[in-house]
Amino acid sequence: MLEIKNLVAGIPGRTIVDGLSLTVKPGEVAAIMGPNGSGKSTLSYVLAGRGDYEVTSGEATLDGDDILGLDPEERAAKGLFLAFQYPVEIPGVATMTFLKAAMNAQRKTRGEPELSAPDFLRRVREAAKSLSVDPEMLKRPLNVGFSGGEKKRMEILQMALLEPRCAILDETDSGLDIDALRVVSAGVNALRGKDRAFLVITHYQRLLDHVRPDTVHVMSKGRIVTSGGPELALELEKNGYRDHVDAA
């Protein structure tokens, strides 16, 4: 589903992702762990199309289609979703207006009709209830005045409504208390399926206790240096990254 080959990318004058190759299959939850500064978040930004990062070489495809040459909104329309580590507040943009615009943009790309107002409201209310999103949050500007946990729940709500083909979670567990972590993890697990893949970027085993990965990859100095099963995350939690980084 998501195929990355020999990707080299970074900011002007500095390479951060350095020859990274990775495959995430349909139905797979792949976790990426690694020390600070290893390039994990940069990888997510490059895949999503953030403008201040540039790709020097390599390729990345989703369902066999190149995504590196696409604008961010085109990547999203193809089914790529990025949950940010620090979701931003957007004053002046009503949450419900944003959700409806995003959902209808996806539907237009798939050749489907726009949602009627009753259908849209029903879908949002059902998803919000399942994720313990306070209905009052939906009446406010997007993320404005939200706590860290509320912002993360709102992103998972967006993911549930958009039903992406491949979802990238960039340290979604950052700043969450245990209750919020459980709610967010339940939302992710509810979307797991044979036709959807997840790339979960995290520092800690605690998220992977709730969202059990199929594969775990260790990233260091811009590339994958070790891969394994869920037991690798437990080893990293116990012993740290040093052995794998030194061996690489």
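The numbers here are math on the coordinates, done by the rules we state, and not lab data. Since the model is a prediction, treat every value here as computed from it, not as a measurement. Cβ placement follows ideal geometry from the backbone for every residue including glycine, while neighbour counts extend to all protein chains displayed.
Below, the figures for the structure above:
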quantity: Residues in segment 1-40 reached by a label modelled at THR56 [backbone nitrogen below 14 Å; 7 Å Cα→Cβ]; calculated: 6-20
quantity: Cα centroid of segment 90-155 to Cα centroid of segment 54-84, whole Å; calculated: 23
quantity: Burial ordering of SER132, SER220, fewest other beta-carbon atoms within 10 Å first; calculated: SER132, SER220
quantity: DSSP-defined antiparallel bridges as percent of all bridges, the chain, nearest 5; calculated: 60
quantity: Cα Rg, Dmax (largest Cα-Cα span) when computed across segment 2-247, Å; calculated: 17.8, 57
quantity: Sorted by Cβ neighbour density within 10 Å, fewest at the top, the residues ARG223, ARG123, ARG14; calculated: ARG14, ARG123, ARG223
quantity: Nearest-20 debye value, segment 2-247 charge dipole, Cβ charges on Lys, Arg, Asp, Glu; calculated: 460
quantity: Gain on full stretching of the segment that runs from ASP66 to ARG212 - 0.36 nm per residue minus C-alpha separation; calculated: 49.7 nm
